[in-house]
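Chemist: First the structure, then my questions, so here it is.
Just so it is clear, none of the values below were taken in a lab; they were calculated from the coordinates. As the structure is a computational prediction, the values presented were derived from the model and not from experiment. Reconstructed Cβ throughout: ideal geometry from the backbone, glycine too, with neighbour counts over all protein chains shown.
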């Protein structure tokens, strides 16, 4: 009975917001308008709702797989705030047609007076729809925007909102089955995936508590590796003390939505690095098939000295040392360790806390509780899963400092992510172009503009959205080459470049496969470009390009051409961050100042000085 009430209320409210139908127009005009609407590409699974107005069609989306929010300009969740808080399609906006209190109010009123309930409900729905349409995130959408709307099961709540939006003229799709259908697909993917297809190529990063495994994942990600951060998805550090201050864990359902989206974005042909977790992270459960893949995976065992682990733990959990509520919370949490660690051990820990001997407290906890528990749980999990113990790949890390973490990440990648290059032997149909002479577009013959150095422009290099010629020309102009009627002028090029390449070299290559006679000259020029980036900017490939969408050199089907494009993009980013806007004279002066400042330090230390070229030049005086 309440369902019929909701239908009437929402239909009434939607009708109130939609203007009266315009006078009937000619068939040609109606056909033309329909043609405009159909120019918007249709997503697989979309179909026109036969019950909608043909001149303002509403679309139905029947998902055969979990909806991807990036396919639409905006995804609107018409459910109540509490339903949205529990879980939603990632990226969706909360646009409730009735909030929790309003739904309860109308339901209560309906029990005593159904007519008054209809009146009250219609006014509430109409008011909500009006506010949604006034929201800048909705009101500023362009005419050709795509909108996906859903509620609990694709019924009246989303139907009223979709009807109003489609009548305005937007391309609106109604998710058939609503959130209920979405949730079913997520659960099937995570829990009925007995073969672990979503995490097929997994490497587990293991190590005792405080080993900086999360830091290693960050370093691997910065180097372009695929990473799943389970603790980040769960908003929890994993141990009994791992709750983040002021951070609420997501619900189990929303954790699973986050996890599904992260897993679905993976390239299964490449290794994925995941921290070796227990079956629970805080109060959240890792789906069993995913957990099984994790404990079956090859393991990297990170070994860090105890003193470094203690330092890292104290930095990460400093809120427990405040002497106030944080310390009181720590004592309460330690009580939960008594069943496994023993009451005497917990009493000893509390005594060390009383003495504020934090190093001794953390060391004792690690050695008498966490390290023992880590080894025990690993053996238990593998035994329960019927997985034989394999020898881990051991990596020694001196500390959790950035340089040590970076070195550790490099060792792991060297072991598990060596790129496999396909070598094709063929006879090229033409000789390589070592010097390019194609014409430039007007306005691109001289100085580089800031607009040409934006992230969006640079990412087009590695996505192959611009031609080889355009990549070459931008890098050449960054190097200082200028276009003239006779070719390219090198008067303003960096001196070493001008001497070696009086005409700009091809940095990209005209083929997509290796062949020494074709690629050797291009390869040498590209290597010279990479070598010209100062050491402090060498992290560009793993950091600068990550900011603009590059995920590393381990992509399936990676070609020499695409690798060189990435290296050119990295050089342009270095140019933007360190050289842009400075003349050659200013750069020389800055280098001289840097050398003089360094020599001053060397003089004080009585060490060899640097010359302008960077070599040692003997002691001063």
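Chemist: Determine the relative contact order of region 303-375: mean sequence separation of Cα pairs under 8 Å and six or more apart, normalised by residue count, in whole percent.
Modeler: Numbers: 33 pairs, mean separation 22.7, N = 73.
31 percent.
Chemist: Quick one: length gained pulling residue 85 to residue 604 fully straight, 0.36 nm per residue minus the C-alpha distance?
Modeler: 180.6 nm
Chemist: I would also like to ask the following. By its C-alpha gyration tensor, with a ≥ b ≥ c as the square roots of the eigenvalues, how is region 142-286 shaped: rounded for a/c under 1.5, else prolate for a/b larger than b/c, else oblate?
Modeler: On the way: a/c = 2.28, a/b = 2.01, b/c = 1.13.
The shape class here is prolate.
Chemist: Still on this structure: Taking the alpha-carbon centroid of each part, what is the distance from region 179-251 to region 259-311 in angstrom?
Modeler: That distance is 6 Å.
Chemist: Between residue 200 and residue 356, what is the label-point separation in nm under the 7 Å Cα-to-beta-carbon projection?
Modeler: Placing both labels 7 Å beyond Cα along the Cβ direction yields 5.7 nm.
Chemist: Which of rounded, prolate or oblate describes region 33-125 when judged by the alpha-carbon gyration tensor and an a/c cut-off of 1.5?
Modeler: Values: a/c = 3.05, a/b = 1.63, b/c = 1.87.
Cα axes put region 33-125 in the oblate bin.
Chemist: Using a basic spin-label model with each label point 7 Å from the Cα along Cα→Cβ, how many nm lie between residue 338 and residue 580?
Modeler: 6.1
Chemist: Multiply the residue gap between residue 496 and residue 523 by 0.36 nm, knock off their C-alpha separation, and tell me the result in nm, one decimal place.
Modeler: Details: separation 27, 0.36 × 27 = 9.72 nm, distance 1.77 nm.
Using 0.36 nm per residue and subtracting the Cα-Cα distance, I get 8.0 nm.
Chemist: Could the peptides 315-324, 454-463, 167-176 be put in order, highest first, of the mean number of other beta-carbon atoms found within 10 Å of their residues?
Modeler: Numbers: 315-324: 14.1, 454-463: 17.5, 167-176: 22.6.
So the peptides 315-324, 454-463, 167-176, ranked by packing, come out 167-176, 454-463, 315-324.
Chemist: Take each of the peptides 127-140, 363-376, 250-263, average the number of other beta-carbon atoms within 10 Å over its residues, and list them starting from the highest. If you can, show how the numbers build up before the last one.
Modeler: Numbers: 127-140: 13.9, 363-376: 16.6, 250-263: 19.3.
In descending order of packing, they fall as 250-263, 363-376, 127-140.
Chemist: Another question, if that's okay. Roughly what would the spin-label model give for residue 140 and residue 62, points 7 Å off Cα along C-beta, in nm?
Modeler: Result: 3.8 nm between the two label points.
Chemist: For region 35-104 and region 105-124, what is the separation of their C-alpha centers, rounded to whole Å?
Modeler: 27
Chemist: Now for a separate question. Within region 256-273, whose backbone N sits under 18 Å from a point 7 Å along Cα→Cβ of residue 280?
Modeler: 256
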